[in-house]
Amino acid sequence: MAGQLELSLGGSRVKALGVTQFVRMVREALELHLDEYWVVGEVSNARLAPSEHLYFTLKDKRSSIGVVMFRSACQKLRFKITDGMEVIVRGRASLYEARGALQFYAEEIQPRGVGALQLAFEQLKERLNAEGLFDGARKRPLPFLPHAVGIVTALGGAALRDMMTVIFDRFPNVHLIIRPARVQGIGAGADVAEAIEDLNREGRAQVIIVGRGGGSLEDLWAFNEEVVARAIFRSAIPVVSAVGHEIDYTIADFVADARAPTPTAAAHLVVPRKADLKRRLDETSATMGGAMNSALLAHRRNLAQLAARVREPRGVVRQIRQRLDEAIAALTEAIAGSLRARRDQVLQLAGRLRPPRAEVRRRELELLEERLVLAGARAVEANRQRLAALAAQLDSLSPLRVLERGYAVVTDTRSGRAVVDAAAVEVGDELEIRLNRGRLRARTTAREI
Amino acid sequence: MAKSEKKFEDELKDLEAVVARIDSGELSLEESIDAFERGIGLVRALNHKLDEIEKKVEVLVRNAQGELRTTPYQNTAEDKDDDEF
């Protein structure tokens, strides 16, 4: 139909074209004359079609153009294209024939200002953070004394060598389970993730170190991949990230239960120093020995005091008697003084007083003394019996019983004090060692504090 | 490795609590001695825990069927200096 129409155009007769024909011609002209270009602009209306082709409008202040990026090209994109983003797009212009629309067919997109990797990192970080993968409450404490340590790193790498050196230096008898993984290049992220899963399946490791030595952002990229972050998050065994880069963090660092700046630092973090633990045990044992000695001495002193009183009731009686004597003397003196005063008075008055009353008084006093002594003796006897009962009870708890078990009490000969701290004794000092049977005198030949 | 056993750090705390009790001077002689004996037992157990771990370096590998197995570590790889990462 259209082909049959002949019309005048610029002085000549031309045939009218069909739309399809025209559009195709324009497209071919475009493709013929326009090479590949890099075009800078702002993204708007970005959307991912179910076909996984990416569509958006690229615009600047005056113009805009529709952009399409096919699925195959999208797969190489490391970051997500969002509205408002400034990007540089490589591709060529063509015509979408169905709508006769000009379109830019993108092959590659770079973020403007920051690197693509940096942007991908920020985007993933934000997303995983929002999902709770970095939640501090989820982070588990590392085992205090891990019997088996899982390691995910390259088998021939310096990182493994460094970690093994430090680990065995700190704790010579520890069990390492190494799950080798590629830590760089294509597929490294998936390998690292799989390694973490394998150690979980194997199940003996009580903590896992995931790491490698330092490198560029590209080199360390595996540790910024989502698959690694998810594997760490899912791990039932606590994970320590150890990517040697000191300053920057990787995504793995944010998800891990603990982060070490280098593999060597991770080894320090995960494995305690055996010598330190041994020393702590030795010190605690020594403190306990000292405390026990003090306790023994205190009990012994208490018993000695009681025993002294029980063994010497006479001493107690003597004391009471002495106090009694003093009281009687004071009383006699007081009475005598009073008598003297009265006698003087009477003598002064009559000069014929005899002292029969004084005789009577003295007799009364003697009776009183007898009664007091008897009462005192009875009191002492009652006390003695009570103390004897107490002593019998204490005998079962006697420190001698403790000495029978082989413990000894060590005293400083000069001060007579119990020795509870090696620091209180100098080399050469004489010590007395009290055993179950007998005592020893010993001279200090060496001291260890 | 026995998982039913108490953890090292928990037993260490127990030991320190025992020492504090003896040191408090509030125990009877018999109680002090019981505590002391318990403490000695804990020290022995803790020392044993440090020494009982067996030194071993294994490499975990996955075969084509996806099964895991461990092989002893050969440290020949350590001499390779061209693989630095």
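A few remarks follow.
- Counting only residues at least eight positions apart within a chain, or on another chain, the lysines with an alpha carbon under 20 Å from that of B:Lys55 are A:Lys274, A:Lys278, B:Lys3, B:Lys7.
- For a paramagnetic label modelled on A:Arg201 (point 7 Å from Cα along Cα→Cβ), amide N atoms under 19 Å away belong, within segment A:215-236, to A:227-236.
- Summarising the label geometry, the points placed 7 Å from Cα in the beta-carbon direction at A:Lys80 and A:Asp412 lie 7.4 nm from one another.
- Ranked A:Leu9, A:Leu17, A:Leu155, criterion: other C-beta atoms within 10 Å, fewest first: A:Leu9, A:Leu17, A:Leu155
- Efficiency of FRET from Cβ geometry, A:Ile88 and A:Asp169, R₀ 56 Å, rounded to 0.05: 0.65
- Dipole in debye (nearest 20) - segment B:1-76, about Cα centre, beta carbon charges: Lys, Arg +1; Asp, Glu -1: 700
- Summing charges over all other residues whose Cβ lies under 15 Å from the Cβ of B:Thr71, with Lys and Arg as +1 and Asp and Glu as -1, gives +1.
- Per residue of B:57-70, other chain Cβ atoms within 10 Å of the residue Cβ number 5 on average.
- Entries of A:Lys139/B:Lys56; A:Lys139/B:Lys6; A:Lys125/B:Lys56 with Cα pairs more than 26 Å apart: A:Lys139/B:Lys56; A:Lys125/B:Lys56
- R0 of 25 Å, Cβ-Cβ distance A:Glu36-A:Ala116: FRET efficiency to nearest 0.05: 0.85
- For A:Ile177, the residues whose modelled amide H falls within less than 5 Å of its own, excluding neighbours fewer than 5 places apart on the same chain, are A:Val149, A:Gly150, A:Ile151, B:Glu58.
- Counted charge near A:Arg127, where neighbours are those whose Cβ lies closer than 15 Å (Asp, Glu -1; Lys, Arg +1): -2
- Placed amide H near A:Ala46: partners under 5 Å, 5+ positions off or other chain: A:Thr57, A:Asp83
- Judged by the ratio a/c of the largest to the smallest principal axis of the C-alpha gyration tensor, segment A:34-113 counts as rounded, that ratio being less than 1.5.
- Compared with the direct C-alpha span, the chain from A:Ala424 to A:Asp135 gains 98.8 nm at full extension, assuming 0.36 nm per residue.
- Inter-part distance where segment A:152-205 and segment A:122-151 are each reduced to a Cα centre, Å: 17
- Average beta carbon contacts from partner chains per residue of B:5-17, 10 Å cutoff: 2
- Simple spin-label estimate for A:Leu9 and A:Ser64 in nanometres, 7 Å along Cα-Cβ: 3.2
- Cα shape, segment B:1-41, gyration tensor, a/c 1.5 rule: prolate
A short reminder: the numbers here are calculations on the coordinates, not readings from a lab. Here the structure is a predicted model, which means the values were calculated and not measured. Methodologically, a virtual Cβ is constructed for each residue, glycine included, from the backbone with ideal geometry; neighbour enumeration extends over all protein chains shown.
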